[in-house]
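Every number here is computed from the coordinates shown, using simple stated rules; none is lab data. Since the model is a prediction, treat every value here as computed from it, not as a measurement. Virtual Cβ from ideal backbone geometry, glycine too; neighbours counted across all protein chains shown.
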Amino acid sequence: MAVTNLATVDEFNTYIKSKDLTVIHFYAAWAAQCAQINDVLEEMGKSADYKGVNFAKIAAEDVPEVSLKFGVSAVPTILLLRNSVITDRVDGANPAELATKVKQQMSSKDPVPIEIPKPKENIEERLKKLINHAPCMLFMKGNPANPRCGFSRTIISILDSYNADYQTFDILQDNDVREGLKKFSNWPTYPQLYLNGELLGGLDIVREMGEAGELEAMLPKKVSLEERS
């Protein structure tokens, strides 16, 4: 069976309604690995070993809404479907894995749908949310109860000495944030202190501002139970 070329969203939606196993390659014309997978699908489509399987390809960039809906964020990506439901997938150019998974799905009497991966949040948007999570945000190694470096321990002591109301984020728990924030704020070291979404600086600047009498007035203060009532 020849590989069907799908060009529109409607063609895609109609094609995947089949109760038969359907294999669809999300490709890009500029990607050499996609050309390899297209050749593999052509061979599989001609082979009696894959009789009854529908093979198709679609340009991922031409149908962005479909790519987003089905969790396709890179090419080549191959989806295996029945009745419009994804039962397996292959990410990247791996003909051996593709052949194995197609065989498995052909013999499966009760295929189980797989979860569609959610698109990863843009790191810049995530960093903006984090630095604005609280009026005073400290990105540090560890947490206030257990600082994981001397610089973080010192800046916590300074903030606590002013009874500052602040939130923290442990960069050791998230490498995307750890590396991304360095570039986002053009500040290569930690800890980093943010006030109202703006970088104030690291330990040296915070210490200098404290010694100059400039820091205390800038920091939000914790409110006691008596003051709340």
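Numbers for the structure displayed
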{"quantity": "Relative contact order of segment 165-229, pairs being alpha-carbon contacts under 8 Å that are 6 or more residues apart, as %", "calculated": "25"}
{"quantity": "Beta bridges by DSSP in the chain, antiparallel share as percent, to the nearest 5", "calculated": "60"}
{"quantity": "Distance histogram for the chain (every C-alpha pair counted, 5 angstrom bins, percent rounded to whole numbers)", "calculated": "1, 6, 12, 14, 11, 7, 5, 6, 7, 8, 8, 7, 5, 3, 1, 0, 0"}
{"quantity": "Theoretical FRET efficiency, 1/(1+(r/R0)^6), r = Cβ-Cβ of K182 and Q104, R0 35 Å, to 0.05", "calculated": "0.20"}
{"quantity": "Estimated FRET transfer efficiency when R0 is 30 angstrom, pair S47-V112 (beta carbons, to 0.05)", "calculated": "0.70"}
{"quantity": "Relative contact order of the chain, defined on C-alpha pairs under 8 angstrom at six or more residues apart (%)", "calculated": "16"}
{"quantity": "Gain on full stretching of the segment that runs from A28 to N5 - 0.36 nm per residue minus C-alpha separation", "calculated": "7.0 nm"}
{"quantity": "Candidates per GluC sites (Glu not before Pro) in segment 120-158, loop by DSSP, up to 16 other Cβ within 10 Å", "calculated": "E121"}
{"quantity": "Segment 37-80: trypsin sites (Lys or Arg not before Pro) in DSSP loop, at most 16 other beta carbons within 10 Å", "calculated": "K51"}
{"quantity": "Magnitude of the charge dipole, the chain, Cβ model with Lys/Arg +1 and Asp/Glu -1, debye to 20", "calculated": "640"}
{"quantity": "Average Cα contact separation per residue, segment 31-161, under 8 Å, 6 or more apart, as relative contact order %", "calculated": "16"}
